[in-house]
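Each remark here refers to the structure printed beneath this line.
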């Protein structure tokens, strides 16, 4: 009879131990990735990161400076430098500055690019950008869910619509007294935000994780409780259940930290995005792991104390 109870307890506790990390994973997936508001809350702080600012400002500078130099001011460095020098004289800037630009036309493109980038960095710190960022994230989330729902897609390139950013940037330049910025055309080229791999696996796991997000907590609690109740030594079973729940949840967090490059690639921006992505998972997982470890310590302590009392008798 004791052997049967041990086997049954082992099976039930194993179910609970396996269900615990899946429940944490399901909760994170549902609330932070599938839910649009959760997705926006997840990535909204990214807009304040210098790494993100450098990336977006560089993309804006590449797009707008090229448009100005080729479509507006001419296709050659000489014509670009002459246009900049002429505009400088019209604005009353020192003639020596304009002459230097004309004397070194090969530097005009670079000077324009750097100037645009510096101004874009300032614009990314503006309240207008931070107000527009949630709207841009909403579109990113729509594209992400669309990729997950499209069979056969294993990699998704999520992009930011640059149109609203260019409009904000252009208005900022004009407000700063640079009327030439009004010549920047309407540009809405997509700026890659993140490349996500493993979409096929995510698509397959979505339904299962959604189920665990709803019912996993109940399954985990019932399985562990029944396993402990039917075990010949309940305190020992409590300690083992807590220990293995802590280990399984800790293993989940370790995997989450290590698979970032496989999911989003290498580089400062992918690392920033992956860190933001798994922060809620780490918070909940760490809470579960720490709680399970405390339960394990309590169970083992009670088991040892009970055995000592029995020996004294």
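The values are calculated or read from the model by the stated rules, or taken from the named source; none is laboratory data. Predicted, not measured: the structure shown is a model, and the values here were computed from it. Glycine gets a Cβ as well: all are built from the backbone with ideal geometry, and neighbour counts include every protein chain shown.
A quick yes/no check of all residues on (1) at pLDDT 80 or above; (2) in a loop (DSSP other than H, G, I, E, B); (3) surrounded by 19 or more Cβ atoms within 10 Å (Cβ to Cβ); (4) out of contact with any helix residue (DSSP H, G or I) (no Cβ under 9 Å at 6 or more places or on another chain):
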| position | (1), (2), (3), (4) |
| --- | --- |
| 120 | no, no, yes, no |
| 137 | yes, no, yes, no |
| 146 | yes, no, no, yes |
| 159 | yes, no, no, no |
| 164 | no, no, no, no |
| 171 | no, no, no, no |
| 187 | no, yes, no, no |
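So, residue 129, is that one modelled with pLDDT of 70 or more, outside any strand (DSSP E or B) and either crowded, with 17+ Cβ neighbours inside 10 Å or in contact with a strand residue (DSSP E or B) (Cβ under 9 Å, 6 or more places away or on another chain) (or both) or not? Spell out how you get there, then give the answer.
Working: modelled with pLDDT of 70 or more: yes; outside any strand (DSSP E or B): yes; either crowded, with 17+ Cβ neighbours inside 10 Å or in contact with a strand residue (DSSP E or B) (Cβ under 9 Å, 6 or more places away or on another chain) (or both): yes.
Yes.
Yes/no per residue for (1) in contact with a helix residue (DSSP H, G or I) (Cβ under 8 Å, 6 or more places away or on another chain); (2) more than 30 Å from residue 5 (Cβ to Cβ); (3) surrounded by 14 or more Cβ atoms within 10 Å (Cβ to Cβ):
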site	(1), (2), (3)
200	no, yes, yes
223	yes, no, yes
233	yes, no, yes
240	yes, no, yes
249	yes, no, yes
268	yes, yes, no
277	yes, yes, yes
286	yes, yes, yes
